[in-house]
Amino acid sequence: MKTSPLKLALIPVLMFGFGFAMVPLYDVICDITGLNGKTGRIQAAEVTDPVDRSRTIEVRFLANTNSGLPWDFEPLVKKMEIHPGQVYEAMYRVRSTSKDKTLGQAIPSVSPGTAAEHFNKTECFCFTQQALEGYETRDMPLRFVVGRDISDKIEQITLSYTFFSQDQG
C-alpha cells in the first residue's frame with residue numbers, strides 16, 4: 001500500500017485541528033469538574049456589599065498534598081453554611097512528617113467553576129509559600145467572602161487546596 005506525501009502532510013494538519021477543537025470541550029469539562037476554578041483575592045476593606053441573609057450556600061473544604069510533599073493537610077471544618085456578602089474564616093492544619101525543613105505552595109480550585117469568580121479571599125495561606133520545620137504543625141486561616149451576585153442556582157461550592165512541594169532537588 002502506497003502512502004502519498006499529501007496524505008502524510010494531512011496527518012499533522014488534522015492533529016492540529018483536533019487539538020484546536022478540544023479547547024471548548026476543555027472549558028466545558030473544567031466548568032463541570034471545577035478544574036482551573038481559580039478564586040479571587042480582595043482586600044478586607046473592599047467587602048462593602050450588604051449580607052444577603054435570605055439565602056445560604058454550603059461551602060465544602062477539601063485538602064490534598066502532592067505525593068512529593070511529606071505533609072498531612074486537612075481542613076478543621078469540613079463544611080459550613082454561609083450567607084453571600086459576609087466574610088467567614090475557616091482553618092486548615094498542616095503537619096510535616098519529615099525531620100527536615102520543607103517548603104510547599106497551596107493551589108486552590110473551586111467547583112463549580114462558575115462560582116470561582118464570586119469566591120474571593122481576603123487572607124489565605126495560599127498567597128505565599130509555606131515553610132515547615134521538621135515535624136512542625138501549624139494552623140492556617142482562610143478568610144473569604146462569596147459575592148452577593150452569585151447565581152441563585154448555586155447552592156453548594158467546594159473549595160479544594162492541593163499543596164505542592166517547592167523544595168529544589
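Every residue, every condition in (1) of a type in the set (S, T, N, Q); (2) out of contact with any helix residue (DSSP H, G or I) (no Cβ under 7 Å at 6 or more places or on another chain); (3) closer than 13 Å to residue 140 by Cβ, yes or no:
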| residue | (1), (2), (3) |
| --- | --- |
| 51 | no, yes, no |
| 65 | yes, yes, no |
| 69 | no, yes, no |
| 73 | no, yes, yes |
| 81 | no, yes, no |
| 100 | no, yes, no |
| 105 | yes, yes, yes |
| 118 | no, yes, no |
| 128 | yes, yes, yes |
key: Filtered residues of region 112-137 (kept if farther than 19 Å from residue 78 by Cβ and surrounded by 14 or more Cβ atoms within 10 Å (Cβ to Cβ))   = 113, 114, 116, 117, 118, 120, 122, 123, 130, 131, 132, 136
note = Here the residues within region 80-106 that are within 27 Å of residue 146 (Cβ to Cβ), exposed (fewer than 14 other Cβ atoms within 10 Å of the Cβ) and out of contact with any Pro (no Cβ under 7 Å at 6 or more places or on another chain) are 81
key: Any pair with Cβ under 6 angstrom, 6 or more apart, that starts in region 151-162 at a residue that is within 14 Å of residue 77 (Cβ to Cβ) and touching a residue at least 24 places away in the same chain (Cβ under 8 Å) and ends at one that is hydroxyl-bearing (Ser, Thr, Tyr) and open to solvent by less than 80 Å² (accessible area, probe 1.4 Å)   = 158/111
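The values are calculated or read from the model by the stated rules, or taken from the named source; none is laboratory data. A quick note: this is a predicted structure, and the numbers were derived from the prediction, not measured. Cβ: placed from backbone, ideal geometry, glycine included. Neighbour counts: every protein chain shown. Areas reflect the complete protein model, heavy atoms only, side chains present, ligands, DNA and RNA absent. Shrake-Rupley method; radii C 1.70, N 1.55, O 1.52, S 1.80 Å.
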